[in-house]
Structures are given as structure tokens and as C-alpha cells.
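A.B. asks: Pasting in a structure now, in C-alpha cells, and then I'll have a few things to ask.
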Amino acid sequence: MRKKPSYQLMQGNEAAAEGALAAGVNFFAGYPITPSTEIAEILADRLPANGGKFIQMEDEIGSIAAIIGASIGGCKSLTATSGPGFSLMQENLGFACLAEVPLVIVNVMRGGPSTGMPTSPSQGDVMQSRWGTHGDHPIIVLSPASVEETFHYTIKAVNLAEKYRNPVIVLMDEVIGHMRARVSLPPWPMVERVNRVKPNMPPEWYNPYERQASGVAPMAAFGDGYRYHVTGLVHDAKGFPTANPNEARDNLRGLFAKIERGFREICLVDYEEMEDAEHAIVAYGCMVLSARSALEQLREAGHRVGLIKLGTLWPFPRFALERYLPQLKNIIVPELNLGQVYREVLRVNAGHANIEKINRINGTIITPEEIIKTVKGLIR
Amino acid sequence: MISNSELVKKYFRYNKKFPHIWCPGCGIGTILGSMLRAIDDLELEKDDIAFVSGIGCTGRAPVYVDFNTLHTTHGRALPFATGLKLARPELKVIVATGDGDSTAIGGNHLIHACRRNIDITTIIFNNYIYGMTGGQYSPTTPHGDKAYTCKLGNIERPFNISALVEAAGATFVGRSTSYHTLQLKNIIKRAIQHKGFSVVEVITHCPTTYGRINRKGGAVEMLEWQKEVAVDREKAAKMSPEELEGKIVTGILLERELPEFCEQYDTIIEKAQSLDKG
Ligand SMILES: Cc1ncc(C[n+]2csc(CCOP(=O)(O)OP(=O)(O)O)c2C)c(N)n1
Ligand code: SF4
Ligand SMILES: [Mg+2]
């Protein structure tokens, strides 16, 4: 328990672990994988001292299963992984979406596909984080762009998971995960902690999937005296499997409705130098660092360039773009993939501005100079 | 012993849309009945029981009974149960899983749960087949038997589940059949009382798939077969290997005391807190 504020030099992965602890995470199950392993090691060390629990499972399928089980038991639960492990988690991630179990997955991306480039930066899992598990499902994905932001986004992820009874993914890249920076750590009592709403009605009246006005149903923990059923089958308000088309519709539509309702709160976006911008760089994760440096130099040279920094990738914060589309001539999207967010930008843009992508999938990053070159080429 | 109607009234979910999904003559319901009687004998509170399953005909058992029930994904009941048990060590966690669920897709989780010796009771409903998907061979389908993915005979050799879990480190292993309901109830009772990872393998029948394709007759004939091949452990100890050929030894096959996972973790918490690495 941190009682006093402090400044510490730490890696992004450490900041994720610090954020988890500050948010009240008290259960972690995981399986080691580069470049996320530090998170497991730190939490193995720190959780028991804080009364929490850590378990190293036999694989990532078991890891996510265990955090779902612990969350149903009332714990704030988190796991950390990278591409191959994230792939293994997909089936049970869908279970957590449908059964509405709060949990957080930190995915420190590596180059892919397959074993790919384990120690190289990549942003290749943007679409997987949205659509990795089968079927239509809602998901929340946050992408921090600095070490300190990793701390805050991890807290935010835990809080959103609890509030919306939905899995939240913290999508990091290797640059942020292993970068070192000074982080201001607040004392824990100063950290906002959101806890899932628990039922207060008598157990006989409790319907575990009956949504309240908030769009979310109160969640009892197993052992609290509310005996109920949890299943990965489409279910009615009591949690029992159903094939009734109306009940199936209510179940599945309800999953989306609760996230739509919280859309503005969930969407983290920052705007830098956008007021008079005619050209915008849209970036997330480590690409924000290159974009920011490019932006500074371009502004110095007198170009009207701004930055739209996406902290939330899913649901996609379309309003962040829509707001500026009327004033924009060019939008530049640098990504360490072949254009996964670019396609979303295209979709939202609907022909307004010219959109330019800069992509890299060889394990190296896109430098500020490359962004500057692209922007200058467009302005000319 | 509690009567059938009392059992139904006390443990079944009156607000669940019955009828159940099982075929007439299926052995799963009988095993569930023995489990409920064991729980009733032990006078456990319904609130204190978490009943967890995977996917399959067996996996559907929890929905019908009035406990904290969790119907997970195929093969994954044990890691879900592991997380739940760590979160709520005071709960009695019971897992229902099929032969395919536990030893094919979930085989890795099974051996690791055994090795960890976490206090969970796992009941394996071994009907030698993938019942739910219509009768494909499983890791326990006997060599030479038929299934809908080996109509000319199974060329793979089956697992002996009880031997497998013993080797993997389970600290309680029992075996019975869906014919021997009283013995089964008593073994489940002992398994629930056991501190550590306990496995009860139950030989049962799927008349609809395995029974049909292998011409084993209906439920009655398959139950009679269970009666014939089962030999109690004590009796088996006096029999020669030749006499034991084709028999299935039942009873409590193993019981040993080893440190339990959650209790050991509590000592880790104590140590960590005294070092105060918080
Ligand atoms: C990942 C996954 N693969 C395949 C299936 C399809 N499936 C459902 S049940 C089952 C087999 C069940 O067999 P067993 O565990 O022996 O249970 P039984 O139905 O015999 O009780 C299979 C293959 C599934 N649900 N999930
Ligand atoms: S298919 Fe077999 S195991 Fe499944 S319910 Fe029918 S008889 Fe039972
Ligand atoms: Mg089976």
C-alpha cells in the first residue's frame, strides 16, 4: 500500500503493474512471455504482500480462465501477455464478454504473426484486440503512449472493466513496455477505484443479468449468498441458456448498449495543436512519440499541423476525427502495422480529407523524420 | 437417506426451464443424483458450493441445480475453478467434466491441477465417447471399439484416467460406475471431504452414441455390463492378473496427504507481509 506520493524511474511494464496494484487488482494469473514478463514477475512479488494472489498457470488459456474464475469470486483480476498468448486467450475472452465478467488483459505487442519478432516493437494486434474472439461482441481497448500514461490507463482499464462488467485490454507496444521514464505515483487513497455494483435485493429477487438503468446488471460474487448460473451460452436475465429469439436479442444487444451508453467516458483522446491545424497526425502508442517530435519541428517550420492522440482504440473514438474533419486537408496515420487504424480513419473520414498512411512491419519504428517527410510532401 | 422427491425439491432449480437435455437412459443424471446425495449427507450449505463444468452433455449438469454454478468453455473447467477457489477458498468447488473435456482438450489443465493439489473435487463422467457432438472417439474409447470418426475401429490406445491422475499427483482417486450409485455417493463424499485435489472417475453409458454404434444394447444392458465388470478394490487385491482381465477396479484407489495449494499460498502471503514488500 503506497501511502505517500513518490517519483520513480520505471519501465512501462512496471508502470502497468503499479497501476494494477493502485487500482486494487488482487488476482493475477499468467504465463511468462516476452515482452510482458516483467508484469507477471512484479505482481508475483507484490500481490501477496498486499493480500492478493498470483498464480502461474500452465498456459494462457488457463490464465484467462483463472482470472475469470477469480473475478466471479469477487476479485479484481488481471493478466498480461503478448501475441501468441493473446491468441490463446481469445476463446475465453469471448466467454468473459458474454458472461459479462470484469477483467483486464495487458497485451504488450510483439512483431507477428506467430512467434514473429519477440523483442521488437509492433502494433499488429489492433484488429485482433477488436475482433480476436468469434462472434459479435463489445470490447474496450486502451493504448498508452508513455510510461506514466501506462500507470493511469491500467487503473482506468480496471475501473472500466468493473463499471461495465466487460473485459478491457491494455494494448501496449514493446517501446512503451520497456521504455524507462520518471513516473509520479500518487498515494493509493488518492487513486479513484471503481467497484462493480453488487446486488442489494434479497437473493430470491436477484436476476444476475437483469440490467439496471445504467445498462449494467449488479454482479454478486460466488459465495455471497446469491446462487446463480454463469454460462457461455446465450442466456436470459436469470442467466439460463435460451434459444428464444427475443431473449437472445436482448442478451446480445444489451452487451453493446451498455458500452454505447458509456462511449464518451470510455473514449480517451488528446488533441495537440489542433485548433488551427490543416493537417493532423493520428497516432497511438509509441507512434505518438515520433508524431510529437515531428509535430514540434513542423510547427517550428510554420506548418499548421496537429496531433490527434488516440488513447482508446475500441470503441473507435470517431468523434475525435469528425470534430476536425471540416478544417483538415490531410490526415497522416503512422502505424507499426499495415494500416489497422488507418482503415478506421478512412471509414470515419468518408471522403473529406486526404488520408496518408505510413507503415512499418520490420521490427523498427517510424522516425519523426519520416513523418516530417511525408507531411512536407503532402503540403507541397 | 433423502427421498427422490425431497432431493428434487431441495436441490433442483424450480425456475429453470425443464425438461433437461439428456437422452432417455443416459447415465449423467444418475451420477448427478449420487453427487446431490453426497452433498446432502455432508449437510453442506448450498451457498457454500460452487459447481463448475466444461462443455459436453456432462457440462450441462450445473444449470439444473441450485448452487453457485459456472458452465465454462470446452476443457477449461479446471482453470476457471482454480481461479475461483483461490478467490474464495471457503467454497467447496466441485467440477463435472466429460472424458473428452477432461482428458483431450482439457488434459493439460487436468494434470496440472493434480500436480498443484488444489482443493477441488473433480468428477469425471467417463462414457468413452464425445456424447454431445454425436459420438466421435475420445481419449478413453477402448482400442478396437467404434465411434463415428472411427467406424472401422479405434486404432488409438485409451487413457486409464485413474492411473493418469494418480501419476500426475492427485491426492485422492476414486472410481465407480453409474450402476453403483451408493458406492459412488460414498466415494464422492470422501472426495469432497478430502483436503487437496480429488478425482472421482465414473464409468457411465451413452446409449445414444457409443452404445448404438458398438451394439451394446440400451441403457439397461449397458448398466448390466457396468455391474459385471466392476470389482471392488479389496476383492481385486485377491485376484490374479488373468482374473482381472477386462475388469474395472472400483472404490477409493488412492488417498494421500500432501500440502494443499491455497493453504500453502496463505503461508506465502504471511511471509510476504512480514517482509513487507507491499
Ligand atoms: C473448443 C471447442 N471445440 C469443440 C467443441 C465441440 N464439442 C462440444 S462437446 C464436445 C465433446 C464432449 O465430450 P465429453 O467431454 O466426453 O462429454 P460428453 O458429451 O460425452 O458428456 C466437443 C468436441 C467445443 N464446444 N469447443
Ligand atoms: S448423447 Fe449420450 S451422453 Fe449425451 S445425453 Fe445422450 S445418452 Fe447422454
Ligand atoms: Mg464423454
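The values are calculated or read from the model by the stated rules, or taken from the named source; none is laboratory data. The model shown is predicted, which means the values in this text are computed figures rather than measured ones. Positions of Cβ are generated from backbone atoms using ideal geometry, with glycine treated the same way; all protein chains shown enter the neighbour counts. Each accessible area value is taken on the protein alone, full model and side chains, heavy atoms only, with ligands, DNA and RNA left out. Shrake-Rupley method; radii C 1.70, N 1.55, O 1.52, S 1.80 Å.
A.B. asks: Mind grabbing the accessible area of A:I68 for me, 1.4 Å probe, Å², rounded to tens?
C.D. replies: 0
A.B. asks: Considering the Cα trace of the protein assembly as shown, what is its radius of gyration and what is Dmax, both in angstroms?
C.D. replies: Expressed in Å, the Cα Rg and Dmax of the protein assembly as shown come to 27.4, 96.
A.B. asks: Could I ask something else about it? Measure out, as a whole number of angstrom, how far apart the alpha-carbon centroids of segment A:237-287 and segment A:1-76 sit.
C.D. replies: 26
A.B. asks: Another question about this same structure. Can you work out the accessible area per residue across the protein assembly as shown, with the rest of the protein chains kept in place, probe 1.4 Å, in square angstrom?
C.D. replies: 40
A.B. asks: Please list B:T171, B:T30 in order of solvent-accessible area, largest first, computed with a 1.4 Å probe with all protein chains present.
C.D. replies: If we order B:T171, B:T30 from most to least accessible, we get B:T30, B:T171.
A.B. asks: Also, I was wondering about something else. With a 1.4 Å probe and all protein chains kept in place, how do B:Y14, B:Y265 rank by accessible area, largest first?
C.D. replies: Descending accessible area places them as B:Y14, B:Y265.
A.B. asks: Rounded, prolate or oblate for segment A:270-379? Axes are the square roots of the Cα gyration tensor eigenvalues, ordered a ≥ b ≥ c, and the cut-off for rounded is a/c under 1.5.
C.D. replies: rounded
A.B. asks: Over the protein assembly as shown, what percent of the accessible surface lies on carbon and sulfur atoms, probe 1.4 Å? Could you put the intermediate results ahead of the total?
C.D. replies: On the way: 13450 of 26010 Å².
Answer for the protein assembly as shown is 52 percent, counting heavy atoms of protein chains only.
A.B. asks: Got a sec? What order do B:T140, B:T181 fall in by accessible area at 1.4 Å, biggest, i.e. largest, first?
C.D. replies: So the residues, ranked largest to smallest area, are B:T181, B:T140.
A.B. asks: While we're on this one: Using a Förster radius of 22 Å, what is the FRET efficiency between B:K9 and A:N200 based on their Cβ-Cβ separation? Nearest 0.05, please.
C.D. replies: 0.20
A.B. asks: Another question, if that's okay. For chain A, just list the percent of Cα-Cα distances falling in each 20 Å bin from zero outward, please.
C.D. replies: 29, 56, 15, 0
A.B. asks: Moving on to the next point. Name the lysines eligible as straight-distance cross-link partners of A:K4: C-alpha to C-alpha under 20 Å, and not fewer than 8 places from it in the same chain.
C.D. replies: Leaving aside lysines fewer than 8 places away in the same chain, those within reach of A:K4 are B:K277.
A.B. asks: Here is a further query. Could you tell me which of rounded, prolate or oblate describes segment A:17-112, using a ≥ b ≥ c as the square roots of the eigenvalues of the alpha-carbon gyration tensor, with rounded for a/c under 1.5 and, failing that, prolate when a/b is larger than b/c and oblate otherwise?
C.D. replies: Working: a/c = 1.76, a/b = 1.10, b/c = 1.61.
In terms of gyration-tensor shape, oblate.
A.B. asks: Set the bar at 32 Å for Cα to Cα. Now go through B:K46/B:K146; B:K16/B:K146; A:K309/A:K376; B:K85/B:K235; A:K163/B:K16; A:K258/B:K85 and name every pair that lies beyond it.
C.D. replies: On the way: B:K46/B:K146 41 Å; B:K16/B:K146 36 Å; A:K309/A:K376 20 Å; B:K85/B:K235 37 Å; A:K163/B:K16 29 Å; A:K258/B:K85 30 Å.
In this structure, B:K46/B:K146; B:K16/B:K146; B:K85/B:K235 lie more than 32 Å apart at Cα.
A.B. asks: Which percent, nearest 5, of DSSP beta bridges in the protein assembly as shown are antiparallel?
C.D. replies: 25
A.B. asks: Report the A-B buried area as the accessible area lost on both sides summed, probe 1.4 Å, in Å² to the nearest 100.
C.D. replies: Summing both sides, the interface buries roughly 3800 Å².
A.B. asks: What residues does segment B:35-52 have that are buried by at least 40 Å² of accessible area in the full protein assembly compared to the chain on its own, 1.4 angstrom probe?
C.D. replies: B:D47
A.B. asks: Still on this structure: Counting each DSSP H run of 4 or more residues in the protein assembly as shown as -39500 (n - 2.57), what helix-only mean residue ellipticity at 222 nm follows after dividing by all residues, to the nearest 500 deg cm²/dmol?
C.D. replies: -11000 deg cm²/dmol
A.B. asks: I would also like to ask the following. Can you send over the solvent-accessible area of B:R76, 1.4 Å probe, protein chains only, in Å² to the nearest 10?
C.D. replies: Result for B:R76: roughly 20 Å² accessible.
A.B. asks: As a test of the definition: which semi-axes, in Å, follow for segment A:9-190 when you take the square root of five times each eigenvalue of its alpha carbon gyration tensor? Largest first, please.
C.D. replies: In descending order, the three semi-axes are 21, 20, 15 Å.
A.B. asks: Tell me, what are the semi-axes, in whole angstrom and largest first, of the equivalent ellipsoid of chain B as set by the roots of 5 times the Cα gyration tensor eigenvalues?
C.D. replies: Equivalent-ellipsoid dimensions as semi-axes: 30, 22, 19 Å.
A.B. asks: Moving on to the next point. How about segment A:47-82: which of its residues lose at least 50 Å² of accessible area in the presence of all protein chains relative to their chain isolated, using a 1.4 Å probe?
C.D. replies: Listed in order, they are A:P48, A:A49, A:K53, A:I55, A:E58.
A.B. asks: A further question on this structure: As a test, work out the antiparallel percent of DSSP beta bridges whose residues both lie in chain A, rounded to the nearest 5.
C.D. replies: Of those bridges, close to 30 percent are antiparallel.
A.B. asks: Roll a 1.4 Å probe over the protein heavy atoms and report the accessible area of A:T34 in Å², nearest 10.
C.D. replies: 60
A.B. asks: Another question, if that's okay. Mind checking the alpha-carbon convex hull of segment A:203-264 and giving the volume per residue in Å³?
C.D. replies: Residue-normalised Cα hull volume stands at 92 Å³.
A.B. asks: For chain A, what's the relative contact order in percent, using C-alpha pairs closer than 8 Å and at least 6 residues apart?
C.D. replies: Once normalised by length, the contact order is 16 percent.
A.B. asks: Which FRET efficiency, nearest 0.05, do A:R264 and A:W188 yield, Cβ-Cβ r, R0 22 Å?
C.D. replies: Taking R0 as 22 Å, the efficiency between A:R264 and A:W188 is 0.20.
A.B. asks: When DSSP assigns beta bridges and you keep just the ones with both residues in chain B, what percent turn out antiparallel, to the nearest 5?
C.D. replies: Here the share of antiparallel DSSP bridges comes out near 20 percent.
A.B. asks: If I model a spin label as a point 7 Å beyond the Cα along the Cα-Cβ vector, how far apart are those points for B:E221 and B:K238 in nm?
C.D. replies: Rounded to a tenth, the inter-label distance reads 3.3 nm.
A.B. asks: Can you pull the mean other chain C-beta count within 10 Å for peptide B:263-274? Intermediate values should be presented prior to the final figure.
C.D. replies: Numbers: counts 0, 0, 4, 2, 1, 6, 7, 1, 2, 9, 4, 1.
Other-chain Cβ atoms within 10 Å of each residue's Cβ, averaged: 3.
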